[in-house]
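Engineer: Supplied in structure tokens, the structure appears directly below.
The values are calculated or read from the model by the stated rules, or taken from the named source; none is laboratory data. If you're wondering where the values come from, they're calculated on a predicted model, not measured in any experiment. Every residue, glycine as well, gets a Cβ built from its backbone with ideal geometry; the counts of neighbours run over all protein chains shown. For accessibility, only protein heavy atoms count, side chains too; no ligands or nucleic acids. Shrake-Rupley method; radii C 1.70, N 1.55, O 1.52, S 1.80 Å.
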Amino acid sequence: MGRFRHLISIDDLSKDDIIYILDRAEEFEDIAFGKKKSNILEGKILANLFFEPSTRTRMSFETAMKRLGGDVINMTAQEASSIAKGETLADTVRVISKYVDVIVIRHPLEGSARFVAEHSDVPVINAGDGAGQHPTQTLLDLYTIRKESRLEGLKIALMGDLKYSRTVHSLIKALTLFNAKIYLISPESLRLPDEFLEDLKGDIETANLNDVIGDIDVLYVTRIQKERFPDEEEYKKVAGSYKITADILKNAKEDLIVMHPLPRVDEIDVSVDRTKHAKYFEQAFYGVPVRMAILCEVLL
Ligand code: NCD
């Protein structure tokens, strides 16, 4: 039995658990790159239940599982929509958890992953519940920060849609465990919700990018989460309101890293890709070893 059975929120993990997963992920890097082989998860099956689009998260779970000798079944979009029409999510999960050894779920409703875990016979991993949590993304974000920058004593700016980005909601909680100095940068209407801020006991303040760009170690950018806006008109008011360019980064520290959970829309200009600061594609790769470590923790 591992340190945790399900992974629903980053709050389910202690700082010690987080460091343990990051250390384990290091050990899986060669296997993730395909340089070394492993069959450690042979005979295990993962079910991907995605009720929202996903490319990186779903495919990196699949890659992680297969490179460790395990197998994967995917629910198709058509199946997801027929579930939405008829069968309850609870019944779906009761059945699928009898077929497989672990369930990965992404769903538009906040709290859905916790609900699914209550009805599952097998471990459940939350791959994003609405604007709620995305704990596996947080672990790979922390892994990226530790590898490409430093975790302790970090100065980080979280920029973009802080209201609806679940990647930010998860990451910010973990960062407070590592005593990070956190700057929040967003359009007024996409600020981190106040009630969220009240729960956080850390060194957090709102800022302008120009004021902090020369001082931060990490710039973490998110796209505007268009699908979470109750009203398209509200989205149009903020669409395209911020963009990182190579020019803006001229005032940055030498070793600043720019991260993004991807997909990007227009918030990071392609001119940034060629700078030494861009780490978002490495970040996407680190999803594989980190998810290997998480899968081994819940399956072995
Ligand atoms: C993120 C998500 O789904 O929350 N994507 C991801 O998992 N890498 C970020 C996003 O969709 O903007």
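Engineer: Calculate, for the chain, the solvent-accessible area per residue in square angstrom, rolling a 1.4 angstrom probe over the heavy atoms of the protein chains.
Structural biologist: 44
Engineer: Going by accessible area, probe 1.4 Å, with all protein chains left in place, what is the ranking of D217, D231, largest first? Write out the running numbers ahead of the final one.
Structural biologist: Numbers: D217 5, D231 65 Å².
Order by accessible area, largest first: D231, D217.
Engineer: List the residues whose amide H sits under 5 Å from the amide H of I73, counting only those 5 or more places along or on another chain, with H placed 1.01 Å from N in the peptide plane.
Structural biologist: HN-HN under 5 Å from I73: L46, A47, N48.
Engineer: Among D255, D211, D161, which one moves the most in a GNM of the chain with springs linking Cα atoms closer than 10 Å?
Structural biologist: Maximum fluctuation in the GNM of the chain, among the listed residues, is at D211.
Engineer: Next question, about the same structure. Take the alpha carbon gyration tensor of the stretch 123-250, find the square roots of its eigenvalues, order them as a ≥ b ≥ c, and report rounded if a/c is under 1.5; if not, report prolate when a/b exceeds b/c, else oblate.
Structural biologist: oblate
Engineer: What is the helix-to-structure angle for 56-67, meaning the angle in degrees between its Cα long axis and the longest Cα principal axis of the chain, kept from 0 to 90 and rounded to the nearest 10?
Structural biologist: 50
Engineer: List the relative contact order of the chain as a percent without decimals, with contacts defined as Cα pairs under 8 Å and 6+ residues apart.
Structural biologist: 22
Engineer: Got a sec to turn the phi values of the stretch 94-106 into Karplus ³J(HN,Hα) couplings, 6.51 cos²θ - 1.76 cosθ + 1.60 with θ = phi - 60°, whole Hz, x for Gly and Pro?
Structural biologist: 4, 6, 5, 5, 8, 8, 10, 9, 7, 10, 10, 10, 10
Engineer: Moving to a separate point now. Can you list residues whose amide H is under 5 Å from M259's amide H, if they're 5+ apart or on another chain and H is modeled 1.01 Å from N?
Structural biologist: L219, Y220, V221
Engineer: Fully extended, how many nm does the chain gain between D30 and L109 (0.36 nm per residue separation, minus their Cα-Cα distance)?
Structural biologist: 24.8 nm
Engineer: Specify which residue in the list T245, A25, G43 is farthest towards the positive end of the charge dipole of the chain, using unit charges on the beta carbon of Lys, Arg (+1) and Asp, Glu (-1), about the Cα centre.
Structural biologist: G43
Engineer: Separate question: Can you work out the Karplus-derived ³J(HN,Hα) for every residue in the stretch 268-283? Use 6.51 cos²θ - 1.76 cosθ + 1.60 with θ = phi - 60°, whole Hz, and x for glycine or proline.
Structural biologist: Per-residue couplings from phi come out as 10, 5, 4, 4, 6, 4, 8, 8, 6, 6, 5, 10, 5, 7, 4, 3 Hz.
Engineer: Using θ = phi - 60° and the Karplus form 6.51 cos²θ - 1.76 cosθ + 1.60, what ³J(HN,Hα) does each residue of the stretch 170-177 get, whole Hz, x for Gly and Pro?
Structural biologist: Once rounded to whole Hz, the list reads 6, 5, 4, 5, 5, 4, 5, 5.
Engineer: Pairs of Cα atoms under 8 Å, at least six residues apart: use those to get the relative contact order of the stretch 135-284, whole percent.
Structural biologist: Once divided by the residue count of the stretch 135-284, the mean separation gives 26 percent.
Engineer: In nanometres, what is the gap between the two model label sites at D247 and D266, each 7 Å from Cα along Cα-to-Cβ?
Structural biologist: Inter-label distance under the simple model: 1.6 nm.
Engineer: Also, I was wondering about something else. Could you please state how large a percent of the accessible area of the chain is carbon and sulfur, counting protein chains only and using a 1.4 Å probe?
Structural biologist: Carbon and sulfur atoms account for 48 percent of the accessible area of the chain.
Engineer: Can you pull the accessible area of K226 for me, 1.4 Å probe, Å² to the nearest 10?
Structural biologist: Here the accessible area works out near 100 Å².
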